[in-house]
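Undergrad: Quick one: this structure, given as C-alpha cells, is what I'll be asking you about.
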Amino acid sequence: MFPHFLQLLPEQKLLSSYTFQYKNWDNPEAVIVLCKKLENIFNTLTCDYTNAIERYKFCARAFDFFAWMFDGIRYSVVVLDPLAPSIQACIKYLIKALKELTSKPFFLLLIYTYIHHSRRKINKEILLSHANAIVKEKERFKIYEDGKDFMDCLSELPKLVQKVIDGPRARIMQSAYSNLPESHPGVLTLGTIFSCFNVTESDLEVAETLLIFSHTVGISRSDMLFDLLRIGPLIQAHDKHSQRNSLIEVFVYLRIPNILKLLILELGVKKESLLKALKQFVKARGLLNTVDLKTKSHLAQHLLKSLLELNLINFEEFENLLEIRNSEIKKNSELTFLLDEKESDESCLEKVKFAEQLTSIIRKFMGQEDEKFLAIVERFLLTTDGMMERVMAVMCATDELRDFALRLAKINQTCENHLTEMGPLRHNRLHVFDTTFLLLIRIKYVFKDLRITLTQPELEQSRFFSWWSVYEKGLLEKSPLTTTENKDIFLTQYNILKQSKPFWNDTDEVGSIIDNIPGIGDLMLSDFLHNIRDFSRKVVEICKESLPKPQPKSWAFAFYAVDSAIQHLTNRTPDAPYHVKSFLLTIAHRVMPKTHFMQAPDKLELKDAYYIATQQGYATPDVIELCSNAVRTLNYRKWILCWLEQLMKNNCSDELLAASELILATLFLRPVTALAEITQRLMDLMLTQNKQNNKINSSNQTCPRIFAWLVVRAQTFLIFAEQIRREKESAKKMLREKSQQNFVMLMTTSSSSITRMEESEENEPPAKKSRIDNNTDDERSNMTAAAVTEEETPGEDSQMASNFNATASSNTVTVNEIIASIEKEQSSTIFDDDKDYKIRQDFELDDEPSPIDKSNEWTLSQRIHQINEDAFMNLSNIMQHSISMSVITISISLRRFEKQIKVPVWRPELLFTIHFAQELARVPRSRFWYKLVYVLAKPQFFQQLSRIEPYALTLDDMLRLYDIRDPEQLEHLVYYSLLLRRFKAI
C-alpha cells in the first residue's frame, strides 16, 4: 500500500519523500532501482516557470537528488563494505548517474543556483572535503588487482563536486558550414586600407582595429598576425602605382614592427602567436622571392632585426627564423645578392631609411626661419621618385605631418600679397607661393583624411584652402570652376601666354591670378581637343616659355603634382582601356580601371570591384580606391546596396561568409557612417514585407543567416567605431583649446594696453558651441522674435504672448536637460567607461575567438557586467533626442526585432530574428559586445522569442549571453531554462 500511495503524490513531493532521510543504503539493489526512478522523474519534471517560488523548489529538488547520490556514495564507502561486489556495483551506478546529471547544463544550473542562493547556507568547503575524504579511502583498495576501475571511479568525485560549485559553462558552438579551410579576407583588406588610404591613423588605432575585427569575425591571433605580415608584400608584388608603393614601403618597413609591438605588449596578444605567424611568413617562398627580387631588399631579415631590437623575439629565435628564409634564398641564384651584408642603394629599404633621415633633418629645421626651412624642403622634397610620399608617410607615422603642412599653409598665406613686412620672402614671393601651393596639393591628394587646419581654423579663409574647397565641390558636382562673364579677359590673358609672356606682375595679388587660371585652362583644352593626350605636355610647354629662368626640377615636380588633376580633366588613364565584362573577371582579368580623385563610381564599376575582391581573396588597392571615392562623393549607399545585391546572388555558405567579412572590412574606410548604413539596409531588406524581400528569402535560404551574421558584427563594430570617434573628437577639442590658449597668451604678451585687449575681446568671434548649445541658440532666437511680437501687441494679446513665451522657455530648458541627461547616460553606459579599467586597451577579449582547450568550454569573463535596466527605460528618449548616429541605429534595429516577436506575422522575418539572436549569442565576446547585450538588448527579448520558437536559442547560447555569478542574470537563466523545459526544448 505504501509504494502505491507514493505514486499518487505530486512529482516534487514524491522526490522529497524518496530522498528525505533515506536509510536503506545497505540494500544496493533497492538503491539502484530507486535511482533509476528518480532519473526518470527528473527527465520529465517541469514546473510553473513564471512563479519564483516554484522555480526555487525545482532548484531545491535538483540539489536534493544530487545530495542523495553523493551521500549514498559516501555512506557506502565509509560505513559499508565497499569490497562487496553488490556495494561496488551500487557505488559505480551512483557515480555514473551523478556524472550524467552534472554533464547536463540544465541540472548543473539548478544545483548551482541552490548552492549559492538558497535560504539555507550550503558550505561548499564541506562538500569538497567530503569528496576528498572519499578519494582518500581508495588507498585501501590498492592491494586488490581488480580494484583499479573502482579507484578510477572514486577519483572523479572531487571534479564532479567542483563542477557543481563552479556552475555550468557554455560549450563551443563551431559553425561547421563545410570541411574546407576558411577564407578570411578581412585583415588583408584592413591592411590595404591602413597602408594606402587611411594612413593618418595612429599605430595604436590600427592595432586596436585589427585585433577587435579579427576577434569578432573569428580569426585566430596567429592568422591575424600572418595576414598583417603578408599584406604589404602582396601589394608590393602586384601593384604598379608608384604613389601607393611609397606608402606601402613605409608601412612594411617602419609601421608593422611597431604595430606588432603594440599588439604584443599593450593589447595582450601572446608571443606564441607571433612566433607561429613568423614561422609561417618566412616559409612563404613564392611571395618573398617575388617581393625581394622586385624591391632588392631582404624583407624577412629586416623584419626579424626590428623585432629583435624591440625585444619581441630573442636572438636564438631570430637566428632560427632567418635560417629558414636564407635556406630558400640560397636555392635561387637570382636572390643570392640578398645575403650580402651591405644593402643595395636601389633597394626600397634604403630609400625608406633615407626618408627617415630626411624627416629628422626637416624636423630640425621646423623651428628655423622660413627661408632655411624652404631651402631644405625644395632641395629634398621636390622629387618625382616617390621620396616626398615616403617622407610624408614617415611624418604621418610620427604624427608630425599636420605641423609640417600647417607650416607650409602659413607660408603660403603670407605670400598671397606683396607686402613690405614680408621680409626676405618678398623678393621671391611667387616662387615660394607656387612651391608651397604644389606641396599642399600633393599632401591633399595623397593624405585625403588629414585635417591641416584643425588647430587653426582661420586658415580656411586662405587662398589655397578656398581654392581647394571650390575644386573639390566642382569635381563632386561636375560643375565648371569658371563663369562666362570674364571670357574676354581670359582670352586676352591666354593670348599673352601664347606669346611666351606672363600676364601677371610680381606685385599682383595672387587671388586674382588663381581666379583666372580655370578660364584660361578651358581655352587651352578647346585648342588641343583634337589631341587630348598631348594636352598636359602642351600646358607645361606654354607655361615654361612664358616664365623666365625655368628650373627643370621645379617644373618636373609641378607636372608630377598636378598630373592627377590633368588626367581627370582629360579622362586619360595610363593603363590599358577597360573593356572587360563582369563575367570574365572570374576566369581572366583581375585589374580595376584607374579611378580619378573625387570620381563617383557607377554601378558597373562597383559590381566589377566586388567580383575582383572576392576572387582575389581581399580588397586590392584599386578596389579600395573605388570604394573610397564612393564614400567621398556621398555615394556610399549605392556602393553598399550594390555589394549586398551581389552577395545575395551567391548560394555557397563559405563564399558568403568570406564575402561578408570582406564587406565589413571595407566599411572601415568611414566606419561610423558606413556601418550604420549597412545595418539599416540589411534591416530594411529582411524585415520589410514586400515582393523583393519574399523573393530573396525564397531564392536563397542562406541569406537570412548570413545577414544576421553581418548585422550583429556591424553593430558591435559600430559601438567600437563610435567610441574611437568620440575619443578623436575629445583629442581635437583639446588641440583647439591648446591652440587658442597659445594664441591668447601671444596676444596678451604683444598687446600694449588693457584697453586694446578689451577691444580685441569685443571684436573676437564667438567660440564654437556644442550641438546642444546650438539648439539652445535657435530656441533663444525664436524667443527673441516672440518678445518683439509681444511688444507690438497690446492688451490681452500681449499677456497671451507672455504666457506662451514662459511655457516655451520652460519646455526648452526641459528638452535640453533631457538631451544632456541622455548624452550623459549613453556616454557612461555605452562608450566612455574607461575609468573602470586599469589600462585603456583592456577590451576584455578571450585569448582566442574560440576555446582552444579540450573541454571546449567558455571561461567566465574577468569581471561581472551588470544589466542596465535604466538604459532600457531611456531608449525611447535616446531614439527621439540622441545626436549619436550609432546609438540611434542600434536602438531602432533592436526595437524592430522586438516588434517581430511581439506580433509575429511573417515567417521569413521571424526566421531572420532567430538567426540574429543566435549570432548575438555566438559571436566572440568583447567589451563592445557586452555593451550591446547588457545595455541595448532587453532580457525580455530572448524570453519572448523562446515562447514563439522554443528551439531558437539553446541553454548554451544563454550561458554565453549571461553571467551566472550575477544574481539578476542567474535568475534570467533559471527562468529561461525552465521555460525551455516547459516547452520540451531541453
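Undergrad: If you find the alpha carbon centre of the stretch 357-402 and of the stretch 588-667, how far apart are they in angstrom?
TA: The stretch 357-402 and the stretch 588-667 have Cα centres separated by 35 Å.
Undergrad: Would you calculate the separation in nanometres between label points at Ser500 and Lys728, each defined as 7 Å from the Cα along the Cα-to-beta-carbon direction?
TA: Those two pseudo-labels are separated by 5.1 nm.
Undergrad: Which length gain, in nm to one decimal place, applies between Glu319 and Ala89 when the Cα-Cα distance is subtracted from 0.36 nm times their residue separation? Don't skip to the answer; put the middle values down first.
TA: Working: separation 230, 0.36 × 230 = 82.80 nm, distance 6.03 nm.
Gain on extension, Glu319 to Ala89, equals 76.8 nm.
Undergrad: Please get the size of the charge dipole for the stretch 265-396, origin at its Cα centre, with Cβ charges of +1 on Lys and Arg and -1 on Asp and Glu, quoted in debye to the nearest 20.
TA: Details: 20 positive and 23 negative charges, 100 e Å.
With only Lys, Arg, Asp and Glu charged at Cβ, the dipole is about 480 debye.
Undergrad: Of Phe597, Tyr618, Ala658, which is farthest along the charge dipole of the stretch 597-693 in the positive direction, counting Lys and Arg as +1 and Asp and Glu as -1 at C-beta?
TA: Positive-most Cα among the choices belongs to Phe597.
Undergrad: Under a Cβ-only charge scheme (Lys and Arg +1, Asp and Glu -1), can you give me the dipole magnitude of the stretch 901-973 about the Cα centre, in debye to the nearest 20? Provide the component values of the computation, followed by the final result.
TA: On the way: 10 positive and 9 negative charges, 43 e Å.
The dipole magnitude comes to about 200 debye.
Undergrad: Continuing with this model, one more query. Which residue, Gly72, Cys59, Ala89, has the largest displacement toward the positive end of the dipole of the stretch 51-140 when charges sit on each Cβ (Lys, Arg +1; Asp, Glu -1)?
TA: Cys59
Undergrad: What distance in nm lies between label points placed 7 Å from Cα along the C-beta direction at Ser360 and Thr492?
TA: 5.6 nm
Undergrad: Can I ask one more? Efficiency by 1/(1 + (r/R0)^6): what FRET value for Asn123 and Asp403, r their Cβ-Cβ distance, R0 = 60 Å, to the nearest 0.05?
TA: Working: r = 66 Å, r/R0 = 1.10.
The formula returns an efficiency of 0.35 here.
Undergrad: Turning to a different aspect of this structure: Charges at C-beta only: +1 for Lys and Arg, -1 for Asp and Glu. How large is the resulting dipole of the stretch 403-473 about its Cα centre, in Debye rounded to 20? Display every interim value, and only then the final one.
TA: Working: 10 positive and 8 negative charges, 33 e Å.
For the stretch 403-473, the charge dipole is close to 160 debye.
Undergrad: Rg and Dmax in Å for the stretch 590-661, alpha carbons only: what are they?
TA: 11.8, 36
Undergrad: Using a 1.4 Å probe, how large is the accessible area of Phe337, given in Å² and rounded to the nearest 10?
TA: 70 Å²
Undergrad: Would you kindly work out the equivalent ellipsoid of the stretch 14-93 from its C-alpha gyration tensor and give its semi-axes, the square roots of five times the eigenvalues, largest first in whole Å?
TA: Values: eigenvalues 159, 28, 16 Å².
The answer is 28, 12, 9 Å, longest axis first.
Undergrad: Could you please tell me the mean projected area of the C-alpha convex hull for the stretch 363-448, averaged over all directions and given in square nanometres to one decimal? Could you put the intermediate results ahead of the total?
TA: Values: hull surface 21.9 nm².
Computed as one quarter of the Cα hull surface, the answer is 5.5 nm².
Undergrad: Still on this structure: Quick one: divide the alpha-carbon radius of gyration of the stretch 294-374 by 2.2 N^0.38 Å and tell me what you get.
TA: Normalised Cα radius of gyration, the stretch 294-374: 1.49.
Undergrad: For a Förster distance of 45 Å, can you work out the FRET efficiency between the beta-carbons of Asp846 and Gln461, rounded to the nearest 0.05? Before the final figure, lay out each step's value.
TA: Numbers: r = 52 Å, r/R0 = 1.15.
For Asp846 and Gln461, the calculated efficiency is 0.30.
Undergrad: Taking the full set of protein chains and a 1.4 angstrom probe, give the accessible area of Lys899 in square angstrom, rounded to the nearest 10.
TA: 140 Å²
Undergrad: Working from the pairwise distances between different alpha carbons, so that the mean of 1/r is found and then inverted, what is the stretch 384-514's Kirkwood radius in Å? Before the final figure, lay out each step's value.
TA: Working: mean 1/r = 0.0600 Å⁻¹.
Final number for the Kirkwood radius of the stretch 384-514 is 16.7 Å.
Undergrad: Measure out, as a whole number of angstrom, how far apart the alpha-carbon centroids of the stretch 406-449 and the stretch 62-84 sit.
TA: Result: 90 Å between the Cα centres.
Undergrad: I've got another one for you. Apply 1/(1 + (r/R0)^6) to the Cβ-Cβ distance of Ala30 and Ile948, taking R0 = 45 Å, and write down the FRET efficiency to the nearest 0.05. Working shown, then result.
TA: Numbers: r = 45 Å, r/R0 = 1.00.
Step by step, r from the Cβ atoms, then E = 0.50.
Undergrad: Label point 7 Å out from Phe337 along Cα-to-Cβ: which residues of the stretch 285-325 have amide N under 12 Å?
TA: 293-298
Undergrad: Please report, to two decimal places, log10 I(q)/I(0) for the stretch 893-970 at q = 0.12, 0.13, 0.20, 0.23 Å⁻¹ as given by the Debye formula with identical point scatterers on the Cα atoms and no solvent.
TA: -0.32, -0.37, -0.89, -1.16
Undergrad: Taking 2.2 N^0.38 Å as the expected size of a compact globular protein, what ratio does the Cα radius of gyration of the stretch 225-347 give against it, to two decimals? Don't skip to the end; give the middle numbers.
TA: Values: Rg = 14.0 Å, N = 123, 2.2 N^0.38 = 13.7 Å.
In units of the 2.2 N^0.38 Å rule of thumb, it is 1.02.
Undergrad: Right, here's the next one. Would you mind computing, in nm to one decimal, how far apart the modelled labels at Arg637 and Gln280 are, each placed 7 Å from Cα along Cα→Cβ?
TA: Distance between the two pseudo-spin positions: 4.1 nm.
Undergrad: Using the Cβ atoms and a cut-off under 11 Å, what net charge is assigned to the surroundings of His427, where Lys and Arg are +1 and Asp and Glu are -1?
TA: Numbers: positive: Arg426, Arg429; negative: Glu371, Asp506.
Within the 11 Å Cβ shell, the charges total 0.
The values are calculated or read from the model by the stated rules, or taken from the named source; none is laboratory data. Here the structure is a predicted model, which means the values were calculated and not measured. Counting neighbours? That spans all protein chains shown, and the Cβs are built from the backbone with ideal geometry, glycine included. Heavy atoms of the whole protein, side chains included, go into the accessibility calculation; ligands, DNA and RNA do not. Shrake-Rupley method; radii C 1.70, N 1.55, O 1.52, S 1.80 Å.
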